[in-house]
Structure formats: C-alpha cells, structure tokens
Amino acid sequence: MRVAMIGSGYVGLVSGACFADFGHDVVCVDVNAARIAELKAGGIPIYEPGLERLVADNVAAGRLSFTTDIAAAVRGAQAVFIAVGTPSRRGDGHADLSYVSAAAREIAEAVDGYTVVVNKSTVPVGTGDMVESIIREARPDAAFSVVSNPEFLREGAAIEDFKRPDRVVIGANDDRAQQVMAELYRPLSLNAAPLLFTDRRTAELTKYAANAFLATKITFINEIADLCEEVGADVQLVARGIGMDKRIGPKFLNAGPGYGGSCFPKDTIALIRSAQDHGVSLRVVESVVAVNDARKTAMARKVVRACGGSVQGKTIAVLGLTFKPNTDDMRDAPSIRIVDALQRAGATIRAHDPVGMDQARKVLPDVTYAADAYDCAEGADALVLITEWDAYRALDLARLKKRMVAPIVVDLRNVYRAEEMARQGFDHVRVGAKPNPRSSKGDRRTYQPGQGEEAGQQPATNHGS
Ligand SMILES: NC(=O)c1ccc[n+]([C@@H]2O[C@H](COP(=O)([O-])OP(=O)(O)OC[C@H]3O[C@@H](n4cnc5c(N)ncnc54)[C@H](O)[C@@H]3O)[C@@H](O)[C@H]2O)c1
C-alpha cells in the first residue's frame with residue numbers, strides 16, 4: 001500500500017519506518033526542512049534505539065523516502081497519517097490542534113482517489129469530526145474517510161512497541177476504511193497482535209484514558225512512597241507486593257520523581273479540559289495532575305534536606321536529564337523543574353546525560369555539562385540520580401566518592417541498594433524508604449561532621465520543609 005506520514009517526529013518517523021518494514025511504500029513528510037534534509041542525508045534527527053538501522057534498510061530497499069512536499073506525498077496514497085504534535089495550548093491546557101488542522105487543510109488540497117486519513121496524533125474526542133469537515137468543506141467532491149488510530153508506543157522502546165503492540169486501536173465509522181486499516185496492519189495481525197475496532201470517538205478517548213490511567217498508577221505509588229518514608233516501610237516491596245496481584249500488575253509502580261515527558265503531562269490536562277467542555281469533572285485525574293506537579297519541587301526539597309537544610313553555594317551533581325532513559329526527549333522532564341528549584345535555592349549544577357545533553361542545553365542553559373558521571377561528581381556536595389540510564393546502574397562508587405566533597409547521594413529512582421551505599425560510606429536518600437546514613441567507617445574529604453548525620457536521621461518526606 002502507499003502511505004503518506006505527515007509529521008516525521010518520534011511517532012511519525014518510527015511508524016513510517018515500521019510500515020515500510022512491513023512492505024508498504026511510505027513517504028514521510030515534515031514542514032521542518034532541516035529535519036527532512038538530515039533524513040535524506042542518512043541522519044536521524046531523534047535518538048531512538050534501532051531507528052537508524054531500520055530507516056537505512058528501508059530507504060535502501062526503496063520503500064521509505066522523505067519530502068517536504070505534502071501534496072506529492074498525499075497524491076496517490078491510500079492512507080495518509082497525521083502524526084503531528086498536539087502540545088498544550090498556551091494558557092488553558094487544551095490540546096493545541098492547530099498543527100492537526102493545518103495538516104488536514106493541506107491533505108484536502110492534494111487528496112485524489114479514495115483515501116483514508118488516519119489520525120495518529122493524540123487528540124480530544126471530536127477531532128476526527130473536525131478533520132472530516134475541514135476536508136469536506138475544501139473538497140466536497142473528495143472520496144475519503146477519517147479514522148482514529150492512536151499510537152501507544154513508548155520512546156526508547158518504540159520500534160518493539162510498534163511491531164509487537166499489546167493492541168492496535170482503530171476507530172473507523174465505515175467498513176471501507178476499516179478494511180484499508182486491516183490491510184495496513186495485516187503483518188501485525190499475522191503476529192497475533194489484537195486489532196481492536198471501535199467507532200472513531202471511542203478510539204480517540206481510549207488513548208487519553210490509557211495515558212491518564214498510567215499517570216494515575218505512577219502518582220498513586222508516589223504518594224504511597226511518601227507514606228513509606230514516614231512510617232518506615234519500603235515502597236519497592238510494597239509495589240512488588242501489590243504488583244503480584246494480577247488485577248493490579250507490576251508495571252508503572254516504580255516510585256520516583258513524578259511523571260514527565262511529551263505525553264502524560266499534556267494529555268492528562270487536555271483530558272480534564274475536554275471533559276470540562278462536556279460538563280464532566282474527572283476528579284481523580286485532576287488530583288493526579290496536582291499531586292504530580294507538586295512532586296517536582298518536593299524532590300528539590302528532598303535534595304536540600306539531604307544537604308543539611310541548604311544548598312546555597314553548594315555544587316549539586318545531577319545524573320540523567322531526559323524524562324526517561326533511552327531517549328533524548330527533554331519535553332516536560334522532571335529534571336527541568338528540579339534543577340530550576342535547586343538553582344533558585346542557590347546551588348550550582350553540574351549535570352550529565354548519556355544522550356540528552358544537546359536538548360538539555362536548550363532548556364537548562366546555566367548548567368555545567370560534564371563528560372561522564374565521574375566528571376559530573378567532581379567537587380559535588382551531593383549527587384542526585386534523576387533518570388535511571390543503564391550507564392548509571394553500576395557506577396564505581398569508590399571512584400565516585402573520591403571526586404565528591406561530601407558523600408551524599410539522592411537516588412530518586414532507587415537504583416542503588418541501601419546496604420551497599422552505607423558500606424561505601426554514602427548518605428543514601430531514596431524514594432519511599434527511610435534515608436540511610438553512611439556507616440561510621442565511611443571516610444570524608446572536606447565534609448563537615450554533623451551536617452550529613454543530621455539530615456540523614458531526619459525522615460526525608462516529599463511534604464514541605
Ligand atoms: N512521543 C511519544 O512517545 C508519543 C507516543 C504516542 C503518541 N504521541 C502523540 O503523537 C503525536 C506526535 O508526537 P511526536 O512526539 O512524534 O511529536 P514531534 O514533535 O516529535 O513530531 C511532530 C512533527 O510534526 C511536524 N509537523 C507539524 N506540523 C506539520 C505539518 N502541517 N505538516 C508536516 N509536518 C508537520 C513537526 O515539524 C514535527 O517534526 C502527538 O499528538 C503525541 O501526543 C507521542
């Protein structure tokens with residue numbers, strides 16, 4: 001089949017490359033001429049494991065190409081996907097649909113022959129109706145259907161998710177469009193990936209509901225983590241204990257600094273706004289947004305407490321800046337708010353991220369970027385682990401400690417074991433467990449006795465201080 005993919009970002013490029021890999025003939029389009037030029041030259045504008053190879057193979061096989069010419073891509077395509085951004089609208093949190101409607105207008109100008117216009121962007125219920133009327137008004141003669149096919153891939157595991165999804169949701173209001181979609185995804189259904197056919201509005205809402213539910217799960221365990229810190233329980237074991245219940249499941253139960261990224265923050269708010277427009281208040285989701293928002297600054301306060309109550313004039317080393325490992329995506333990353341709060345409290349920040357530093361420089365300019373984790377720890381009064389990249393999971397703790405002024409580690413992802421950190425002589429502050437002061441054998445360089453012990457003995461909570 002001939003496919004046009006409008007928008008060549010994290011979703012469009014991965015989906016386009018995967019459809020090409022299934023054997024379809026795909027043209028990826030973008031308004032960003034530099035992005036298309038880079039792709040044509042064999043470069044990959046985003047970091048996504050395995051993508052470079054997948055793109056190169058399919059370009060070489062003649063199934064995947066790139067253009068800024070949307071009309072040329074749409075003409076003759078049986079399916080035209082819209083995979084453009086739907087960020088939060090400035091001021092009110094509604095999904096900004098201006099990119100979707102611009103794409104729909106451009107598709108309308110070029111559409112010829114029966115075409116299925118597939119919305120892959122995450123959008124509020126009713127957006128399919130909007131796209132349909134934009135095209136219908138511009139081209140009353142055109143033969144087309146508008147389908148909702150929300151994307152559930154995760155950055156960092158996007159290709160695997162696309163090729164082996166838990167399910168593909170297809171919201172089509174007519175049989176002809178449904179058949180085209182079934183044909184497009186046929187290679188997946190051969191792999192027994194369930195295709196769930198629904199009406200268009202149901203598919204649109206399913207995506208927002210899925211993201212809101214996952215955000216709720218994360219936020220729930222984060223609040224339980226706060227309680228664990230107060231009562232001396234261990235949130236990792238609580239999470240295991242509840243996750244073994246098949247009705248709950250073990251995923252998305254890692255307590256941490258709160259969710260971020262390009263989807264959950266904007267999608268939860270957009271869902272709330274969309275519900276309000278229809279006179280419905282989603283109070284659970286509203287609480288999730290508020291709790292998660294407060295958590296970022298609470299994490300900064302946790303660092304301040306670990307440093308004995310003040311970070312004024314101190315150097316804080318930050319490991320991991322992207323919103324999760326295996327992506328370079330900095331959109332709404334928890335690190336942004338945490339670093340900002342620490343800087344406002346007087347700290348100097350040294351930071352490292354395996355692939356996100358180019359993106360991070362744009363949003364966190366007043367930070368010293370280090371060559372690696374050890375360089376980052378140089379002269380630090382405390383080290384904060386924000387994103388659990390593999391590169392930070394087995395650090396040489398003795399080497400790290402030698403570089404630091406004070407052996408304090410705030411481990412916001414619970415990567416390190418408390419006993420090991422104590423043995424190595426670190427004050428180790430975790431999420432959802434009592435902080436672990438270092439063992440008395442731990443040596444210090446210029447660390448002032450008293451400070452660490454005091455902070456270490458106080459239960460670190462996520463509530464004010
Ligand atoms: N990133 C994810 O993990 C993820 C997962 C599932 C769903 N989504 C949803 O998918 C959509 C796209 O997200 P993304 O992360 O790929 O965004 P992105 O910002 O990485 O990519 C969007 C691309 O669309 C291009 N674009 C905008 N208007 C255009 C137009 N009129 N014609 C052609 N190109 C245009 C932009 O230049 C950009 O390159 C969003 O609605 C998002 O919520 C994202």
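The values are calculated or read from the model by the stated rules, or taken from the named source; none is laboratory data. Not measured: the values here are computed from a predicted model. Cβ sites come from the backbone with ideal geometry, for glycine too, and all protein chains shown count toward neighbours. Calculation scope for accessible area: heavy atoms of the full protein, side chains included, ligands and nucleic acids excluded. Shrake-Rupley method; radii C 1.70, N 1.55, O 1.52, S 1.80 Å.
For Asn173, the stated conditions hold: it is touching a strand residue (DSSP E or B) at 6+ places or on another chain (Cβ under 9 Å) and touching a residue at least 12 places away in the same chain (Cβ under 8 Å).
Of all the residues in segment 1-55, those that are closer than 21 Å to Arg164 by Cα and hydrophobic (A, V, I, L, M, F, W, C) number 15.
Flag not set for Val117, criterion: open to solvent by 30 Å² or more (accessible area, probe 1.4 Å) and within 18 Å of Val169 (Cβ to Cβ).
Considering segment 323-366, the residues that are part of a loop (DSSP other than H, G, I, E, B) and over 22 Å from Ile46 (Cβ atoms) include one that is nearest to the ligand (Cβ to nearest atom), namely Asp366.
Annotation note: of Leu184, Leu195, the sole residue that is touching a helix residue (DSSP H, G or I) at 6+ places or on another chain (Cβ under 6 Å), more than 30 Å from Pro354 (Cβ to Cβ), touching a residue at least 24 places away in the same chain (Cβ under 8 Å) and more than 16 Å from the ligand (Cβ to nearest atom) is Leu195. Could you list, in sequence order, the residues of segment 17-49 that are open to solvent by less than 30 Å² (accessible area, probe 1.4 Å), more than 11 Å from the ligand (Cβ to nearest atom) and touching a strand residue (DSSP E or B) at 6+ places or on another chain (Cβ under 8 Å)? Correct list: Ala17, Phe19, Ala20, His24, Val26, Val27. Residues that are open to solvent by 10 Å² or more (accessible area, probe 1.4 Å) and either of a type in the set (Gly, Ala, Ser) or assigned to a helix (DSSP H, G or I) (or both) within segment 96-114 comprise Ser98, Tyr99, Ser101, Ala102, Arg105, Glu106, Glu109, Gly113, listed in sequence order. Look at segment 60-79: where a residue is in contact (Cβ under 8 Å) with a residue 24 or more places away in the chain and open to solvent by less than 30 Å² (accessible area, probe 1.4 Å) and a partner is basic (Lys, Arg) and within 15 Å of the ligand (Cβ to nearest atom), sitting 6+ places away or on another chain with Cβ atoms under 9 Å, you get Phe66/Arg35; Phe66/Lys40; Thr67/Lys40.
Is it the case that some residue within segment 164-175 is closer than 18 Å to Cys263 by Cα, touching a Ser or Thr at 6+ places or on another chain (Cβ under 7 Å) and not in a helix (DSSP H, G or I)? Yes, segment 164-175 contains at least one residue that is closer than 18 Å to Cys263 by Cα, touching a Ser or Thr at 6+ places or on another chain (Cβ under 7 Å) and not in a helix (DSSP H, G or I).
Reported count of residues in segment 201-239, each being closer than 17 Å to Leu271 by Cβ and either open to solvent by less than 20 Å² (accessible area, probe 1.4 Å) or within 16 Å of the ligand (Cβ to nearest atom) (or both), is 15.
Working carefully through the options Ala255, Ala270, find the one that is part of a helix (DSSP H, G or I), touching a residue at least 24 places away in the same chain (Cβ under 8 Å) and crowded, with 21+ Cβ neighbours inside 10 Å. After ruling out the rest, the residue left standing is Ala270.
Let's see how each residue does on (1) surrounded by 22 or more Cβ atoms within 10 Å (Cβ to Cβ); (2) among the hydrophobic types (A, V, I, L, M, F, W, C); (3) in contact with a Lys or Arg (Cβ under 7 Å, 6 or more places away or on another chain):
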site: Tyr374; (1), (2), (3): no, no, yes
site: Val384; (1), (2), (3): yes, yes, no
site: Trp389; (1), (2), (3): yes, yes, no
site: Arg393; (1), (2), (3): no, no, no
site: Met404; (1), (2), (3): yes, yes, no
site: Pro407; (1), (2), (3): yes, no, yes
site: Tyr416; (1), (2), (3): no, no, no
site: Glu419; (1), (2), (3): no, no, no
site: Val431; (1), (2), (3): yes, yes, no
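Cβ-Cβ distances below 7 Å connect the following pairs, each with a first residue in segment 207-219 that is hydrophobic (A, V, I, L, M, F, W, C), a second residue that is within 10 Å of the ligand (Cβ to nearest atom) and not in a helix (DSSP H, G or I), and a separation of six or more residues or different chains: Ala210/Phe152. Consider segment 99-155 and keep the residues that are hydroxyl-bearing (Ser, Thr, Tyr) and more than 14 Å from the ligand (Cβ to nearest atom). The one that is farthest from Thr268 (Cα to Cα) is Tyr114.
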